[in-house]
Amino acid sequence: MSFIENVLATPGYGWKDSNGLLVKPTVKQLLTEFFRRINIMKSRKNWLPFFAWFNVLLLLPFFFIFIVQQAQDFNVWYLLVGFVYGMIFMGTHGTIWYHRYGTHQAYSFSNKFWRFFTANIVFKMIPEEIYVVSHHVHHSLSDQPGDPYNAEGGFLYCFLADANHQPIAKDLSEEDYNKAAAMMSHTGVKANSYAQYLKWGSIAHPLNTAVATYGNWAFWMAVFYAIGGIHLLAAILCGTFIWAVGVRTFNYEGHAKGELKQVPGFDYNAKDKSINQWWPGIVAGEWHNNHHLYPASARSGFLPGQIDFAWYYIWTLKLIGGVSTVRDSRKQFLETYRKPYLEEQERLKAVVEKPATVAIK
């Protein structure tokens with residue numbers, strides 16, 4: 001197998017069957033694999049998916065605190081703050097940091113300060129390693145067996161993917177491990193040595209990851225508590241919790257639940273089942289079909305009305321000197337796809353109208 005097919009740990013049910021078709025595991029198989037993958041008592045090499053889900057569970061009490069607060073004394077402003085923070089701030093940050101920079105390096109920072117600032121501008125919920133390496137595989141094998149969140153596998157196949165399908169393999173050769181680690185080198189995450197990788201089964205070290213994550217949490221909790229007390233903090237963390245759960249559903253929806261739902265004139269990439277959706281596009285700049293067409297572009301809101309907050313942030317940093325280089329494929333998209341489509345529509349319209357004109361004469 002190629003490196004990209006080999007870099008992720010194969011689930012117990014496998015990626016594909018003897019005919020090369022996607023294995024669609026049962027609910028029982030998916031849940032069995034999930035609990036096996038997060039079982040740190042069985043193997044310390046399971047620490048990364050355990051850590052990711054443990055962090056989600058740590059926020060669950062704040063979700064209930066906020067619900068109780070709202071039930072006792074409903075406040076639309078706290079509700080709005082939690083909504084905006086979770087849907088827009090967390091969603092847009094995911095696109096800016098993990099997606100466009102972490103995976104695709106669609107832009108570069110001028111210095112380490114702006115990289116650190118961008119990485120930590122919101123609550124840190126996803127370890128970079130979980131996202132970045134697997135997302136390279138996703139783009140190489142989109143909607144094919146081996147795609148870690150192949151929507152054809154079903155909702156749970158995608159929802160549990162960060163544990164079941166996204167961790168790197170535990171038996172990579174030193175050469176392949178170095179290739180995987182190189183995918184992370186620009187993010188600032190210090191990579192394990194090969195000997196440490198064999199011990200922990202990951203690129204990142206658990207201690208470094210925990211310090212970076214909980215240091216981020218401590219800072220933002222102190223800031224929001226100082227500003228608005230427990231009510232504001234609960235609203236913010238409730239929004240963060242909902243995002244952390246909801247983001248695990250995105251690829252299932254973003255690839256049309258495994259069905260063909262692309263709209264001509266709105267979705268231009270026909271190489272996979274990705275679709276542009278208004279909600280993820282507006283709140284997070286995640287115009288997914290556009291992104292699959294030009295994955296290395298720092299902007300994916302190409303068409304009129306396609307708001308792209310992630311792009312606005314990157315463009316602003318470029319304006320003030322925080323970002324040194326940016327790749328923007330909008331002009332290429334308009335010339336290569338949009339313009340020919342509109343011209344073809346005009347041609348078809350003329351063909352339809354011409355007989356009617358002759359008949360009137």
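Taken over the stretch 115-155, the criterion of being among the hydrophobic types (A, V, I, L, M, F, W, C) and either outside the structural domain of residue 176 (by TED's automatic domain parsing) or farther than 25 Å from residue 86 by Cα (or both) is satisfied by 137, 141. When we screen 290, 276 for residues that are closer than 19 Å to residue 103 by Cα and either surrounded by fewer than 20 Cβ atoms within 10 Å (Cβ to Cβ) or free of Cβ contacts under 8 Å to residues at least 60 places away in the same chain (or both), the only hit is 290. Scanning the stretch 127-144 for residues that are outside any helix (DSSP H, G or I) and over 18 Å from residue 292 (Cβ atoms) turns up just one, 127.
This table checks each residue for (1) over 17 Å from residue 7 (Cα atoms); (2) of a type in the set (Gly, Ala, Ser); (3) in contact with a strand residue (DSSP E or B) (Cβ under 9 Å, 6 or more places away or on another chain).
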position: 166; (1), (2), (3): no, no, yes
position: 187; (1), (2), (3): yes, no, no
position: 192; (1), (2), (3): no, no, yes
position: 205; (1), (2), (3): yes, no, yes
position: 211; (1), (2), (3): yes, no, no
position: 215; (1), (2), (3): yes, yes, no
position: 232; (1), (2), (3): yes, no, no
position: 235; (1), (2), (3): yes, yes, no
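Of the residues that make up the stretch 50-59, is at least one assigned by TED's automatic domain parsing to the domain that holds residue 208, without any contact (Cβ under 8 Å) to a residue 24 or more places away in the chain and not in a helix (DSSP H, G or I)? No: zero hits.
There is no residue in the stretch 324-338 that is more than 18 Å from residue 100 (Cα to Cα), among the hydroxyl-bearing types (Ser, Thr, Tyr), assigned by TED's automatic domain parsing to the domain that holds residue 107 and in contact (Cβ under 8 Å) with a residue 60 or more places away in the chain. The residues of the stretch 233-266 that are buried (at least 19 other Cβ atoms within 10 Å of the Cβ) and over 19 Å from the mean Cα position of the chain (by Cα), listed by number, are 233, 234, 235, 236, 237, 238.
The values are calculated or read from the model by the stated rules, or taken from the named source; none is laboratory data. Worth saying up front: this structure is predicted, and the values here are computed from it rather than measured. All Cβ positions, glycine included, derive from the backbone under ideal geometry; neighbour counts span all protein chains shown.
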